[in-house]
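For reference, the structure is listed below as structure tokens.
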Amino acid sequence: MWDLMLFSGTGIDGAVDEQKRRFATAGSYGSRELGLGFGDEARWVDEGSTTTCALAVRDANLLVTVKLSVQRHPGPSCRQDARNLARTALAATRR
């Protein structure tokens, strides 16, 4: 699942600031994912879940969240697949 959010805000700078604020204060975001090589920041979502793995990646004013079932993506492949799908989603929406 991809969730794309765009904020128009008060121009691009206002939109980026608003998205940063929302990303920083979201209660369900867990540990940071460092070194992705894409996006401005990323966090794992609902890390305590035993049924899904989800990664939220912010790139300027765009937020992409990839949520996968661990039944279809077992073990460590769930996180790697989430990373790959997030990279693809951001690449497809490049401005």
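Judged by the gyration tensor of its Cα atoms, with axes a ≥ b ≥ c, the range 22-95 is oblate; a/c meets the 1.5 cut and b/c is at least as large as a/b.
Per-residue extension of 0.36 nm, minus the Cα-Cα distance of residue 49 and residue 69, leaves a gain of 6.2 nm for this segment. Residues whose amide H falls under 5 Å from that of residue 40, counting only those 5 or more places apart or on a different chain, are 58, 59, 60, with hydrogens built in the peptide plane. Straightening the chain between residue 20 and residue 81 buys 19.5 nm, computed as 0.36 nm per residue apart minus the Cα-Cα spacing.
Every number in this text was worked out from the coordinates using simple rules, so none of it is lab data. Since we're looking at a predicted model, the values are computed, not measured.
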